[in-house]
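What follows is a set of notes on a single structure, which appears directly below.
The values are calculated or read from the model by the stated rules, or taken from the named source; none is laboratory data. Here the structure is a predicted model, which means the values were calculated and not measured. Cβ atoms come from the backbone with ideal geometry, glycine included; neighbour counts cover every protein chain shown. Only protein heavy atoms, including side chains, enter the accessible area calculation; ligands, DNA and RNA are left aside. Shrake-Rupley method; radii C 1.70, N 1.55, O 1.52, S 1.80 Å.
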Amino acid sequence: MDLSVLEGFFKAVADHARANVHIDLITGRDFHHGTEAVFKSFARALRQAVALDARLAASVPSTKGVL
């Protein structure tokens with residue numbers, strides 16, 4: 001697999017989700033394991049980003065407090 005395929009995939013995800021996606025694989029020699037790490041960390045971050053916050057269940061998030 002070519003690295004440009006991964007870059008293209010995550011660029012498309014970011015563009016269509018209208019999200020900022022920052023991925024830095026800092027260390028590692030094995031491309032296969034690095035790819036697995038990138039996908040797993042992205043999935044975990046995405047799951048955390050879209051999770052409902054129980055603390056906000058009764059209100060609408062606002063910079064001015066509760067609406």
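Here are the numbers:
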read-out	value
Test for residue 44: is it open to solvent by 80 Å² or more (accessible area, probe 1.4 Å) and outside any loop (DSSP other than H, G, I, E, B)	yes
Long-range neighbours under 6 Å by Cβ, at least six apart or interchain, first residue under 16 Å from residue 35 (Cα atoms) within the range 8-20, second of a type outside the set (Gly, Ala, Ser)	10/21
The range 28-41 - residue that is charged (D, E, K, R) and modelled with pLDDT under 95 and, of those, surrounded by the fewest Cβ atoms within 10 Å (Cβ to Cβ)	29
Scope the range 1-27; condition open to solvent by 60 Å² or more (accessible area, probe 1.4 Å) and either in contact with a Pro (Cβ under 8 Å, 6 or more places away or on another chain) or in a loop (DSSP other than H, G, I, E, B) (or both); matching residues	1, 2, 18, 20, 22, 23, 24, 25, 26, 27
